[in-house]
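No lab work stands behind these numbers, since they all come straight from the coordinates. This one's a predicted model, so the numbers in the text were calculated from it and none came from an experiment. Glycine gets a Cβ as well: all are built from the backbone with ideal geometry, and neighbour counts include every protein chain shown.
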Amino acid sequence: MEIHAKYKNFRNALRCPLCEGSLQVFQSKSLICPNRHTFDISHHGYVNTLSHSPKSRYNKALFEARKKIIMESELFKLLHEKISAVIDTYSADSDTPAFILDAGCGEGSHLEKILGNSRNRTLTGIGLDLSKAGIAQAAKRYKQSIWLVGDLAKSPLADHSMNMILNIFSPSNYKEFKRILVPDGLIIKVLPRAAHLKELRDATHGSNEKSLYKNDETISLFKKHFTLTDKITVSDARELNKSERTHLVQMSSLAWDSNETALDAFTTRSSQITIDADILIGLNQKETRL
């Protein structure tokens, strides 16, 4: 599909993040609202809807390492399969085209894997992230989805425009999620449990650091905004080779400002890496309780 055609098909789901007016495709190269706020469609097909570039340690090298881990290792294989199964169950009785947003998508590899595993071929993936570096990589690699640089707190998505939302190991904005999700729309939030990446955490922070981590408060907050229909726990461990362990270090904020000697020891040590996460499955049915 040509780049501008994707956005023409998507135009009713967009709104201007500056004035909240509708966005239309202009001369196959820009999105423009009635107040003439204009956002160019890049050569690779993404749109930057931010008015400034936020400072971030999430750079091109980090996203390249993240892509290699997600796409080329099987570290997140079970997690992806569980999420795809939830999507297929939710959409089993519908053949209507639908949008699924990955909020905080990074370089888009989680979304790509999940869509690839799903039997639903009516879904269009939407990736939104603050990082231009991440979105640029996503747009270069994964041509079927739509990629937006944007702020989740003031997203460029119209009211009730998304059928499903993914939020994988990333901050949430439940007010915006409720606004953009259709009534009875599906939200899937993935959050870490105590043992998640424990081997890397032990190497960078010591075996006692964060050992008592619990996600109870996050689950409670989720339930205040959405009807929690299920919680799936994914606990898995995979062997990673030295190259993959190096990529894991490069992609993880756990390794920021850590001792290089400890990181070197981690990358050369032979052991499995643990994925330990809860998948919260919710429906957009409840009103927010203040």
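What number, in nm² with one decimal, is the all-direction average of the projected area of the convex hull of the alpha-carbon atoms of the range 141-206?
Values: hull surface 26.9 nm².
For the Cα atoms of the range 141-206, the hull's average projected area reads 6.7 nm².
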So which GluC sites (Glu not before Pro) in the range 95-197 pass both tests, a DSSP loop state and at most 10 other Cβ atoms within 10 Å of the Cβ? none
³J(HN,Hα) computed for each position of the range 251-259 - Karplus, 6.51 cos²θ - 1.76 cosθ + 1.60, integer Hz, glycine/proline x: 8, 9, 5, 4, 8, 4, 6, 8, 5
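Going by average Cβ neighbours within 10 Å, how do the peptides 25-32, 96-103, 162-169 rank, with the highest at the top?
On the way: 25-32: 15.9, 96-103: 20.8, 162-169: 23.2.
Packing order, densest peptide first, comes out as 162-169, 96-103, 25-32.
Taking Cα atoms of the chain, Rg/Rh with Kirkwood Rh, to two decimals? The partial results should precede the final answer.
Details: Rg = 19.2 Å, Rh = 19.8 Å.
Result: Rg/Rh = 0.97.
Checking the table LYS82/LYS214; LYS140/LYS214; LYS113/LYS231; LYS67/LYS224; LYS143/LYS223 against a 28 Å threshold on Cα-Cα, which pairs fail?
Details: LYS82/LYS214 22 Å; LYS140/LYS214 37 Å; LYS113/LYS231 21 Å; LYS67/LYS224 33 Å; LYS143/LYS223 35 Å.
In this structure, LYS140/LYS214; LYS67/LYS224; LYS143/LYS223 lie more than 28 Å apart at Cα.
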Could you pull out the chymotrypsin sites (Phe, Trp or Tyr not before Pro) across the range 221-277 that fall in loop regions by DSSP (anything but H, G, I, E, B) with no more than 15 other Cβ atoms inside 10 Å? TRP256
Quick one: work out the % antiparallel among DSSP beta bridges in the chain, nearest 5. 55
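Above 20 Å lies some portion of the pair distances; for the range 202-272, what is it as a whole percent of all C-alpha pairs? Write down the numbers at each step before the final one.
On the way: 1212 of 2485 pairs.
For the range 202-272, the share of Cα pairs beyond 20 Å comes to 49 percent.
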